[in-house]
Amino acid sequence: MTEASWDLFRLFSVVARTGSVNRAAHELGMSQPTLSRRLKELERYVAAPLFFRASSGVKLTREGEDLQRSAGDMMLAFESFHRDLRSRVGQRSSVVRISATEGMTKHWLLPRVAELRRRDSRIYLEIISTVNQQSLATSDLDYVIRMGDPGENDLIGKRVADVPMGIFASEQYLTGRPAPRSLSELRDHDIIGHTADFVSFRNVRPNQRHLLEYFSEAAGIRSVVRVNPVANHFAAAGSGLGLALLAVPFAQAEGLVQVLPQETVTMNVWLLRRRESDLRKLTREVRRFLEAEFAASREWLAGSPRNARVTKRKA
């Protein structure tokens, strides 16, 4: 035997504390012969006897007393480490970290946090709201709600919704000029954003690419402002600066008016996670909640006509 396992010292400490191999075996839930055999392994390792038999059980030898002091210090250190570890793991296990776009966070995720916490008050959410693609593989995120290409093949998850993108403006902007009647008329309007802002839509369905092509061309001609992050296009449109390509349900929630409502680009919404996230009970609860909420809000995310503000064309 070249090395002694931590378990041998743990067994030795119990026998030294109880003063009896039989009582120690009962406390440890193992047979007396098995415990005696493990103690002999430890004695071979230290090359010295650790116990001698007495009428009342076993007594420690001088070497056994020395080992008990050292083992006791190790046990105290290990128990302290174990308490600290459980505390840290417990704290992290109650935290669920989610990344989502600004629009998804503001109009869909945050309105559901209160209900989630009503179901289990132990859950503490950390939400990273960004238009940038957050990587689960290189960060300590539990979930990413991603629009468009799911990417990262080592992740698991599923498509939970479809969100259309459409062209929006404020009533203030449309008061000053007529809404476009076709995509070709976009070049006659002020456009919010730059052609480079629309690269992320490269995976759209082939029959919807014409909208992006016309809007990108118009941006190359009549872009009046470029603002980052792209989430600020909602505010730019609301300020009457021009037409913006926005997620339909979020733009409707902002009170913007959709022009050319028949022209949309559909983006898939994915709820992605690492397999390891399933090890945490609260994280599993959050996943089931999010999946159920996405299923219940598919109509709203699809941009229900009931939420739309109608464009009135000037004569």
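Scanning the range 125-175 for residues that are at pLDDT 90 or above, of a type outside the set (A, V, I, L, M, F, W, C) and either assigned to a loop (DSSP other than H, G, I, E, B) or within 18 Å of VAL95 (Cα to Cα) (or both) gives GLU126, TYR143, SER170. Residues of the range 264-301 that are under 26 Å from ASN207 (Cβ atoms) and not aliphatic (A, V, I, L, M): THR264, THR266, ASN268, TRP270, PHE294, SER297, ARG298, GLU299, TRP300. Annotation: of all residues in the range 46-79 being touching a Ser or Thr at 6+ places or on another chain (Cβ under 9 Å) and not aliphatic (A, V, I, L, M), the one that is nearest to ASN22 (Cα to Cα) is GLY57. For the range 235-258, indicate whether the set of residues that are over 21 Å from THR101 (Cα atoms), without any contact (Cβ under 8 Å) to a residue 60 or more places away in the chain and outside any strand (DSSP E or B) is non-empty. The answer is no; no qualifying residue exists.
Of the strands (runs of 3 or more DSSP E) lying entirely inside the range 1-115, those containing at least 2 residues that are outside the structural domain of PHE289 (by TED's automatic domain parsing) and at pLDDT below 85 are 51-54. Under the condition of being modelled with pLDDT of 90 or more, assigned to a helix (DSSP H, G or I) and under 19 Å from GLY238 (Cβ atoms), the residues counted in the range 187-201 number 0.
One line per residue, one yes/no per condition, for (1) assigned to a helix (DSSP H, G or I); (2) of a type in the set (Asp, Glu); (3) surrounded by 18 or more Cβ atoms within 10 Å (Cβ to Cβ); (4) not assigned by TED's automatic domain parsing to the domain that holds ILE167:
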{"position": "HIS210", "(1), (2), (3), (4)": "yes, no, no, no"}
{"position": "ILE221", "(1), (2), (3), (4)": "yes, no, no, no"}
{"position": "VAL224", "(1), (2), (3), (4)": "no, no, no, no"}
{"position": "VAL286", "(1), (2), (3), (4)": "yes, no, yes, no"}
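Has the range 226-236 got at least one residue that is buried (at least 19 other Cβ atoms within 10 Å of the Cβ) and either basic (Lys, Arg) or over 33 Å from the mean Cα position of the chain (by Cα) (or both)? No, because not a single residue in the range 226-236 is buried (at least 19 other Cβ atoms within 10 Å of the Cβ) and either basic (Lys, Arg) or over 33 Å from the mean Cα position of the chain (by Cα) (or both).
Looking only at residues of the range 64-75 that are under 19 Å from SER5 (Cβ atoms) and of a type outside the set (Gly, Ala, Ser), we find that the one that is surrounded by the most Cβ atoms within 10 Å (Cβ to Cβ) is LEU67.
Residues in the range 259-280 that are within 30 Å of ASP188 (Cα to Cα) and assigned to a loop (DSSP other than H, G, I, E, B): LEU260, PRO261, GLN262, GLU263, THR264. Considering only residues in the range 95-117 that are charged (D, E, K, R) and surrounded by fewer than 18 Cβ atoms within 10 Å (Cβ to Cβ), the one that is farthest from GLY303 (Cα to Cα) turns out to be ARG117.
The values are calculated or read from the model by the stated rules, or taken from the named source; none is laboratory data. It should be emphasised that the depicted structure is a prediction, and the values quoted were computed from it without experimental measurement. All Cβ positions, glycine included, derive from the backbone under ideal geometry; neighbour counts span all protein chains shown.
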